[in-house]
1. Return the FRET efficiency for the residue pair ASP408, LEU248: r is the Cβ-Cβ distance, R0 is 45 Å, and the value is rounded to the nearest 0.05.
2. Each residue of the stretch 94-106 in order: what ³J(HN,Hα) in whole Hz does its phi give by Karplus 6.51 cos²θ - 1.76 cosθ + 1.60, θ = phi - 60°, with x for Gly and Pro?
3. Using θ = phi - 60° and the Karplus relation 6.51 cos²θ - 1.76 cosθ + 1.60, list the HN-Hα couplings for the stretch 64-78 in order, rounded to whole Hz, with x at every Gly or Pro.
4. Between LEU379 and residues 5 or more places away or on another chain, which pairs have amide H atoms under 5 Å apart, with H built 1.01 Å from N, and which residues are they?
5. Could you pull out the GluC sites (Glu not before Pro) across the stretch 62-166 that fall in loop regions by DSSP (anything but H, G, I, E, B) with no more than 12 other Cβ atoms inside 10 Å?
6. If R0 is 35 Å, what FRET efficiency do you get for PHE130 and GLU183 from their C-beta distance, rounded to 0.05?
7. Take HIS247, HIS272 and sort them by solvent-accessible surface of the protein heavy atoms, 1.4 Å probe, largest at the top.
8. Working out 0.36 nm times the residue gap between ASP349 and HIS272, then minus their Cα-Cα distance, what length gain in nm do you get to one decimal?
Amino acid sequence: MSAPQAGQKADEAAKEDAERRVAQEAERLPLSYARTLSWLSLLVILLSSLGLSFFISSSVRETLLRRQEDFARQLVENLNSQIYRRFALPTIMANGRIALRQPTQYEHLDRVVRSVIEGLPVEKLRIYDFTRRVAYSSDKADQGRAGLAPANVDAVLDGSTVSSEIVSSIPAWQAPFRVPLKEGTFVLRVLYPLRGEPMGPEHKVPVMGALELTQDITDDYERVLAFQGIIVVMCLLSSVLLFGVLHLLIQRAERVLAERMQKNRQLENELHSNERLVSMGRVVASIAHEIRNPLGIIRSSAELLQRRTAGADKGTARILGAIYDEAVRLSQTVNDFLDYARPRKPREDVVDVDLVLDQALAFLEGEFSRKGVSVERELEPGLFVRGDKDLLYRAFYNILVNGQQALDGPGIIRVSGRHAEASAGGAPGAIGAPAAAETAPGQPPEPLVELEFLDSGPGFDPASLSSLLDPFFTTKEGGTGLGLPIVQSIVVGHGGRIELENGAEGGALVRVILPGAAIQAEPDHQRETRHG
């Protein structure tokens, strides 16, 4: 029996043993507390729901009343200022004193007050003099009357306090049971000292009287009570529903608990497995780094021996060729592991995409010729991106090699490139990819560069298309499954994205979208000179 088979059987035995322990623990779970727990849960849910509902509704009520009080205070402050500036000051300067019993002064004050409170929810407004009589009232029938002032008007006349209170004709606890409420059931009353301006820096602010403003807030109070009732009813209904669901769940508590215990153990096993994989990845990366130098010596030595023994027998030449080829393949595998395990941060140079493709195709020209693979290019001029030339070369190289391997013989690889418009959200981004740098305010968005690599092969398998970018997933025998993940890591590191799909007329299509660099394209004669 091989070591992997033995390990697999050991894992299966450990899993069966864990399931058996879970079943034994589930059998020991008590059932007698199920109903008691469900009824206690109902009681707790009801009490907590009712308490929460009353707390929320009370908070809403307090907030509404506080806003009403703030509004009333601001209104009386504005009234105080308007009465002093538009009535008191001009009247004193013209007549020497204020006498509201004179019809002209009363009408003047009435016009000032009504111009301020017009259209506002003010039920009544009164001004009391120092004899606690009504000097002015929005209801003229109250003028000159005594006994209408509230008990705390003396403190307000002293100028030491501002009083606001809610006056109700019924106890507050009866209000929910007497809806709809009659008008005037709840009234907000604000007492404010009617102040003038000091005659000098050492003088006190004079108080001319007490300003009383009342607002009928019965409608607002009814809305708060309705809101409170809705919250209470919804909480009760939700509590009953939760109790029913909880009762059903408790009846199946043993099985659910056993399943959860089993899942917990599975998660623990997976966590340990992931930790082992992470540790193994570090070890593999370290080993790959350590064997890269000796591997380079083996490859260069094999190449040197091939040149020195050019006239040797065919057996020796074949062995040296196999050593060199396997060293090259193993070196590529080591580089793939290192590139994926330790990705480097790309530079931010201005890179000509056309030149990078030239270099990749020049390196692959011999291999493509031997395999009968031709490349068709159709790139717009001036395709510049901001990034790392070496990393982009590696990405394009991997895509082209994958395309050649997918053909498995003669075929065509079409490479096209164009400028694309940036999306409304700014720079491109893939799932899990960082967004590219945002455009400065007032500047037009930088264009995108879109490259497409389409081969004439059979295309991607639709069943495995969603897994091709996962590391170590491969459909090729002997492959590492790191080619496309490395390409994705490079492209995402440049703020772009990669898309895989099958072409409309067949073949595998790899689309790379990168943020473009805002640089002017070179004239045609300069490009021809540089390429030549």
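1. Working: r = 58 Å, r/R0 = 1.30.
The formula returns an efficiency of 0.15 here.
2. Those phi angles translate into 8, 10, x, 7, 9, 9, 6, 6, 6, x, 5, 5, 4 Hz.
3. For the stretch 64-78, the Karplus curve yields 4, 5, 5, 5, 4, 5, 4, 5, 5, 5, 5, 5, 5, 5, 5 Hz.
4. Residues meeting the amide H criterion: GLY417.
5. Numbers: sites: GLU62, GLU69, GLU77, GLU107, GLU118, GLU123, GLU165; in loops: GLU118, GLU123.
Passing both the DSSP loop test and the Cβ count: GLU118.
6. Working: r = 33 Å, r/R0 = 0.94.
Calculated value: 0.60.
7. On the way: HIS247 55, HIS272 95 Å².
If we order HIS247, HIS272 from most to least accessible, we get HIS272, HIS247.
8. On the way: separation 77, 0.36 × 77 = 27.72 nm, distance 4.25 nm.
Value of the extension gain: 23.5 nm.
The values are calculated or read from the model by the stated rules, or taken from the named source; none is laboratory data. These figures come from a predicted structure and were not determined experimentally. Cβ atoms come from the backbone with ideal geometry, glycine included; neighbour counts cover every protein chain shown. Heads up: the accessible areas ignore ligands, DNA and RNA and are worked out on the full protein's heavy atoms, side chains in. Shrake-Rupley method; radii C 1.70, N 1.55, O 1.52, S 1.80 Å.
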